[in-house]
Amino acid sequence: MPLTMGDIDAVCDLVNDLCGICLDSSKSYLIESRLGQIVEDHGCTSYEDLVRKVRLGADSRLKRQVVDAITTNETLFFRDQYMFEALRHKALPELIDAKEKTAFPTRLRIWSAACSTGQEPYSLAITLSELIPDVHRWDIQILGTDISDKVVAKASRGWYAKHEIERGMSPERLQKYFVPEDNGWRIRDEIRALVSFQRQNLLEPFGMSARYDMVFCRNVAIYFTREVRRDLFHRLAATMIPDGYLFVGAQEFLADVGPNFTPQHHCRGTFYRPNMRIPSYV
Ligand SMILES: C[S@@+](CC[C@H](N)C(=O)[O-])C[C@H]1O[C@@H](n2cnc3c(N)ncnc32)[C@H](O)[C@@H]1O
């Protein structure tokens, strides 16, 4: 079905309202390739008609299908080597030391926001289990969330095809942390037990009650407007402990988010500590 300018505007507005993602007319190929089948399957007369149906809200499945189709779920295991070096050699040892002085020295709460199909939270769980020998005696919860039901379901299953495993998982780790299953690989129960998944739209109020030691929000806010990014990172900081760590994508910079979002560089990786008091030099 041909796409008109009216269709493009209507779809861009809808996608922006549903998930904060800014599409523009240059993305018309993406709209056609990702939503064309849904338009046909639901007997819509045009893309604008599809938008009308989603906005009416009579079929909640339709809205979920559009979100599943329009979101870009690109991810891989141990994405951004330097970030994982900074995590392993600086942030985690520092956090573990700091925890020793608290009432709950073995409790860690980590949130992988916009986790796609789970490679990020599982890479975090593997990193923790490599760093903490008695990890299963610790009270660790890694929460993975995403707006797309489809990717949350896949992440929850913890099964990956060969081509997904080949993106970032070393042969040694594959043998250690996965079991072969259905022509692919499933994450071992010990690692799976450290991670839970749920749906969360980052534009909506966060339902979680935990105070996070670390939050990972990588490669999603790049699609949002400056205002939405600012608001998101301030709300994420509000979910974190006073000296918590925030990690963003390798190509993301928070210079325009506020004075507390000053990057800290370690092992060629970067993280932020948005709730730390800024030292006064006067
Ligand atoms: C490119 S993936 C990034 C995955 C992972 N964080 C990484 O860096 O490899 C972006 C993810 O953000 C999710 N997403 C997009 N808009 C969202 C929103 N408003 N709330 C929550 N997740 C969203 C998409 O469904 C997608 O899975």
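The values are calculated or read from the model by the stated rules, or taken from the named source; none is laboratory data. None of these values were measured; they are calculated from a predicted model. Cβ placement follows ideal geometry from the backbone for every residue including glycine, while neighbour counts extend to all protein chains displayed.
In the stretch 195-207, is there at least one residue being at pLDDT below 95 and either closer than 20 Å to L95 by Cβ or over 14 Å from the mean Cα position of the chain (by Cα) (or both)?
Yes, that holds for at least one residue.
Of (1) within 16 Å of the ligand (Cβ to nearest atom); (2) part of a helix (DSSP H, G or I), W111 satisfies all except one. Which?
Evaluating W111 over (1) within 16 Å of the ligand (Cβ to nearest atom); (2) part of a helix (DSSP H, G or I) leaves (2) as the failure.
If you check E204, E172, E227, E166, which single one turns out to be among the acidic types (D, E) and either surrounded by 14 or more Cβ atoms within 10 Å (Cβ to Cβ) or away from the ligand (no atom under 16 Å from the Cβ) (or both)?
Selected residue: E172, the only one of E204, E172, E227, E166 that is among the acidic types (D, E) and either surrounded by 14 or more Cβ atoms within 10 Å (Cβ to Cβ) or away from the ligand (no atom under 16 Å from the Cβ) (or both).
Answer yes or no as to whether S156 is under 20 Å from N73 (Cα atoms), of a type outside the set (A, V, I, L, M) and in the same structural domain as R199 (by TED's automatic domain parsing).
yes
Only one of R186, R218, R192 is charged (D, E, K, R), within 18 Å of V152 (Cβ to Cβ) and within 13 Å of the ligand (Cβ to nearest atom); which?
When all the criteria are applied, what remains is R218.
So which of L50, L14, L62, L35 is in contact with a His (Cβ under 8 Å, 6 or more places away or on another chain), surrounded by 19 or more Cβ atoms within 10 Å (Cβ to Cβ) and either among the aromatic types (F, W, Y) or under 27 Å from R199 (Cα atoms) (or both)?
Going through L50, L14, L62, L35 in turn, the sole match is L50.
Kindly state which strands (runs of 3 or more DSSP E) lie completely within the stretch 167-255 and contain at least 1 residues that are in contact (Cβ under 8 Å) with a residue 40 or more places away in the chain.
184-187, 195-199, 212-217, 240-247
If I ask for residues that are farther than 19 Å from C12 by Cβ and small (G, A, S), which ones from the stretch 58-87 would you list?
Passing the criteria: A58, S60, A86.
Quick check: is even one residue across the stretch 2-14 free of Cβ contacts under 8 Å to residues at least 12 places away in the same chain, in a loop (DSSP other than H, G, I, E, B) and not charged (D, E, K, R)?
Yes, some residue in the stretch 2-14 is free of Cβ contacts under 8 Å to residues at least 12 places away in the same chain, in a loop (DSSP other than H, G, I, E, B) and not charged (D, E, K, R).
Identify all residues within the stretch 114-140 that are more than 18 Å from the chain's Cα centre (by Cα) and either assigned to a loop (DSSP other than H, G, I, E, B) or not hydrophobic (A, V, I, L, M, F, W, C) (or both); write none if there are none.
S129, E130, I132, P133, D134, H136, R137, W138, D139
Given the structure, is E120 more than 16 Å from the ligand (Cβ to nearest atom) and farther than 12 Å from S196 by Cα?
Answer is no for this residue.
When only residues in the stretch 19-32 that are on the phi < 0 side of the Ramachandran plot and in contact (Cβ under 8 Å) with a residue 60 or more places away in the chain count, which is surrounded by the most Cβ atoms within 10 Å (Cβ to Cβ)?
Among residues in the stretch 19-32 that are on the phi < 0 side of the Ramachandran plot and in contact (Cβ under 8 Å) with a residue 60 or more places away in the chain, the one surrounded by the most Cβ atoms within 10 Å (Cβ to Cβ) is I21.
Could you figure out which of (1) at pLDDT 95 or above; (2) away from the ligand (no atom under 11 Å from the Cβ); (3) part of a loop (DSSP other than H, G, I, E, B) isn't true of E94?
(3)
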